[in-house]
Amino acid sequence: MLIDTHAHLDDEKFKDDMGEVIKRAIGNGVSEIITVSSTPGSIQRTIEIVNTFESVYGGVGLHPHDAKYFNKQIEQDILDSITKERIVAIGEIGLDFHYNYSSRDDQGRALRRQIGIALDCSLPVIVHDREASDELIKILEEFGGKMTGVIHCFTGDSDMAKKYLDLGFYISFSGIVTFPKAEKIRNAAKIVPQDKILIETDAPYLAPVPMRGKRNEPGFVRFTCEALAKVLNMDFEALSGITAENARNLFHLK
Ligand SMILES: [Zn+2]
Ligand SMILES: [Zn+2]
């Protein structure tokens, strides 16, 4: 059993064949998928997807790219949606200082508010970090280690992993661990305690080897699990079981 803890099923690349994609994932041993929202419009879309497919759970929130759109209405949309069934997290939220599509101030503001909602509602957060670790850790520390959550698509080194682990976070690895140049990330994976590791696709982005260059989809999470199992010197079945159990614990999946 595998759980893809981070996919963007609302992406238009899945518009025409989402049912097929999910069927293929199940055929590849994926029992659950967590689809995350990113734009203002995708919050409602996430609820529709979750309502349509039994094996799909959802995260609601505004991605740092769209942080400039965060306002009272979005906040209300998030609050309304977390009362729905199978909405299990606030995400994806975070900081992205690579693209800076929203100003750093707007990103910080949206992130703090959304962490506040997660804490008020006792939900885990799904956090995106791109070239923003120092500022992100500062903000997470402001909340005094009270929240639970995951650093998704982790791309840091062992030191960085340690800092997030110390804050109580899970670390999620994507298809990047299959890339030849990702030695630093594979080494970081070795220091993550077994009860803190998650796996994800971040589909439709970042297809793992041997699917690189194609549209990524949740069924491909098995390639990430295979690669990570090798790094950790574990059986595929053992790692898939452990990561699935971790996902069930963090997101309280039924
Ligand atoms: Zn992300
Ligand atoms: Zn994502």
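The values are calculated or read from the model by the stated rules, or taken from the named source; none is laboratory data. Here the structure is a predicted model, which means the values were calculated and not measured. Cβ sites come from the backbone with ideal geometry, for glycine too, and all protein chains shown count toward neighbours. Accessible surface is based on the protein model in full, side chains and every heavy atom, while ligands, DNA and RNA are left aside. Shrake-Rupley method; radii C 1.70, N 1.55, O 1.52, S 1.80 Å.
About its Cα centre, the dipole of region 96-163 is roughly 220 debye, where the only charges are +1 on Lys and Arg Cβ and -1 on Asp and Glu Cβ.
Could you please report the charge total around residue 3, scoring K, R as +1 and D, E as -1 over all other residues with beta-carbon less than 10 angstrom from its beta-carbon?
Numbers: positive: 248; negative: 4, 32, 200, 245.
Charge balance in the 10 Å sphere: -3.
Rolling a 1.4 Å probe over the protein heavy atoms of the chain, with every protein chain left in place, gives an accessible area that is 48 percent carbon and sulfur.
Using 24 Å as the Cα-Cα cut-off, could you pick out the over-long pairs in 196/230; 138/196; 163/196; 23/68; 138/162; 84/254?
Flagged as over cut-off: 23/68.
A 1.4 Å probe run over the protein chains yields, for the chain, 44 Å² of accessible area per residue, whole-number rounding. The charge dipole of region 59-145, taken about the Cα centre with unit charges on the Cβ atoms of Lys, Arg (+1) and Asp, Glu (-1), comes to about 160 debye, rounded to the nearest 20.
How large is the charge dipole for region 2-251, taken about the Cα centre, if only the Cβ atoms of Lys, Arg (+1) and Asp, Glu (-1) carry charge, to the nearest 20 debye? Write down the numbers at each step before the final one.
On the way: 29 positive and 38 negative charges, 77 e Å.
Dipole of region 2-251, to the nearest 20 debye: 380 debye.
I need the chymotrypsin sites (Phe, Trp or Tyr not before Pro) found in region 69-122, filtered to DSSP loop residues with at most 15 other beta carbons within 10 Å of theirs.
Listed in order of number, the matching sites are 99, 101.
The mean sequence distance of close C-alpha pairs (under 8 Å, at least 6 residues apart), as a share of the length of region 1-115, puts its relative contact order at 24 percent.
Neighbours of residue 201 by Cβ distance under 11 Å: Lys/Arg scored +1, Asp/Glu scored -1, total -2.
Based on Cα contacts under 8 Å between residues 6+ apart, region 2-251 shows a relative contact order of 20 percent. The phi torsions of region 229-240, fed into the Karplus equation with coefficients 6.51, -1.76 and 1.60 and a -60° offset, translate into couplings of 4, 4, 4, 8, 6, 10, 6, 4, 4, 5, 5, 5 Hz, rounded to whole numbers, with Gly and Pro shown as x. Accessible surface for residue 212 stands near 130 Å², nearest 10, in the context of the full protein assembly shown (1.4 Å probe). Computed with a 1.4 Å probe over protein heavy atoms only, the accessible area of residue 234 comes to about 40 Å². Ignoring aspartates and glutamates fewer than eight residues from residue 214 along the same chain, the ones with Cα atoms less than 14 angstrom from its Cα are 202.
Other residues whose C-beta falls under 14 angstrom from the C-beta of residue 212 contribute a net charge of +1, scoring Lys and Arg +1 and Asp and Glu -1.
Given the rule -39500 (n - 2.57) for each run of at least 4 DSSP H residues, summed and divided by the residues of the chain, what is its mean residue ellipticity at 222 nm, to the nearest 500 deg cm²/dmol?
Working: 9 runs with 103 residues, N = 254.
Estimated from H runs of four or more residues: -12500 deg cm²/dmol.
When the residues 231, 221 are ordered by accessible surface, computed with a 1.4 Å probe over the protein chains alone, the sequence from largest down reads 231, 221.
Would any residue of region 129-147 have its amide N under 13 Å from a label point 7 Å out along Cα→Cβ of residue 109? List them or say none. Those under the cut-off are none; the list is empty.
Hey, what's the Cα Rg ratio for region 2-251 versus the globular rule of thumb, 2.2 N^0.38 Å? Numbers along the way, then the final one.
Working: Rg = 16.6 Å, N = 250, 2.2 N^0.38 = 17.9 Å.
Taking N as the residue count of region 2-251, the ratio is 0.92.
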